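What follows is one structure encoded as structure tokens, with my remarks underneath.
The values are calculated or read from the model by the stated rules, or taken from the named source; none is laboratory data. Just so you know, these numbers come straight off a predicted model, no measurement behind them. Backbone-built Cβ (ideal geometry, glycine too); neighbour counts: all protein chains shown.
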Ligand SMILES: Cc1cc2nc3c(=O)[nH]c(=O)nc-3n(C[C@H](O)[C@H](O)[C@H](O)COP(=O)(O)O)c2cc1C
């Protein structure tokens, strides 16, 4: 049997644990989240701690971790205030603009301008959506679950899809390629799905 390094999480710093988890739990899809503060300031930010929860109802979860001093990120504060947001999938062409939205700006400043993304009205929710994204999910908050407190603590933002926008070529294709998704690895690493081997595997029949 292969040798393992045995790790008691209690013996690792938060930074080392963050590094371990984000380097090993890969690849992660990226949710580009549009939200609006109660004061009306629009916000955009990317989150790769993100996944599907279920389909009845359509449910997505993402996790804005607590920043230094346990500060809530603007996205979380906005969703707590308004209960509405838009989750976009990120393709290769959106990479640089998506990255620009991760700049840490004060709550009264918007990431839309520096990103260059084009805002368009959503159908059901108040926050605008990104025209350049191949897939956008308009979301209403279901529940926020806090796990821990202080730097690096988890917050699970669970939401219900109330409207989806899927670019026609992506909708019409049975293949992932038109979506051209990028995924997050550890550190500053990314994966371009176009560049890797894809394979299929049928589930065992019961
Ligand atoms: C590709 C990418 C993925 C990210 N994923 C996360 C994440 O899952 N959770 C998180 O808290 N921050 C994540 N970040 C950092 C946030 O985007 C960053 O803290 C941002 O400033 C938060 O913005 P806000 O305060 O306007 O909400 C990620 C950044 C990038 C570039």
Exercise for review: Considering only residues that are within 8 Å of the ligand (Cβ to nearest atom) and either in a loop (DSSP other than H, G, I, E, B) or more than 16 Å from the chain's Cα centre (by Cα) (or both), look in segment 54-65 and name the one that is farthest from residue 124 (Cα to Cα).
Suggested key: 65
Revision key, fill the gap. Being in contact with a helix residue (DSSP H, G or I) (Cβ under 9 Å, 6 or more places away or on another chain) and at negative phi narrows 48, 102, 68, 121 down to just 48
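For every residue, the table says whether it meets (1) in contact with a helix residue (DSSP H, G or I) (Cβ under 7 Å, 6 or more places away or on another chain); (2) not in a loop (DSSP other than H, G, I, E, B).
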| site | (1), (2) |
| --- | --- |
| 144 | yes, yes |
| 152 | yes, no |
| 165 | no, yes |
| 169 | yes, yes |
Study note, to complete from the structure: The residue from 59, 37 that alone is in contact with a helix residue (DSSP H, G or I) (Cβ under 6 Å, 6 or more places away or on another chain), crowded, with 16+ Cβ neighbours inside 10 Å and at pLDDT 95 or above is 37
Review point. Do we find a residue being farther than 18 Å from residue 154 by Cβ, within 12 Å of the ligand (Cβ to nearest atom) and at pLDDT 95 or above anywhere in segment 44-53?
Key: yes
Revision key, fill the gap. Residue 47 passes all but one of the listed conditions (1) more than 27 Å from residue 109 (Cα to Cα); (2) touching a strand residue (DSSP E or B) at 6+ places or on another chain (Cβ under 7 Å); (3) without any contact (Cβ under 8 Å) to a residue 40 or more places away in the chain; the exception is number (1)
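Evaluate the following for residue 20: is it surrounded by 14 or more Cβ atoms within 10 Å (Cβ to Cβ) and under 16 Å from residue 101 (Cα atoms)?
Details: surrounded by 14 or more Cβ atoms within 10 Å (Cβ to Cβ): yes; under 16 Å from residue 101 (Cα atoms): no.
Considered against the rule, which asks whether it is surrounded by 14 or more Cβ atoms within 10 Å (Cβ to Cβ) and under 16 Å from residue 101 (Cα atoms), residue 20 comes out as no.
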Exercise for review: Restrict the check to segment 75-98 and report whether at least one residue is part of a loop (DSSP other than H, G, I, E, B), touching a residue at least 12 places away in the same chain (Cβ under 8 Å) and away from the ligand (no atom under 13 Å from the Cβ).
Suggested key: yes
Check your understanding: Since residue 123 meets every condition but one in (1) away from the ligand (no atom under 16 Å from the Cβ); (2) out of contact with any strand residue (DSSP E or B) (no Cβ under 9 Å at 6 or more places or on another chain); (3) part of a loop (DSSP other than H, G, I, E, B), which condition does it not meet?
Key -> (2)
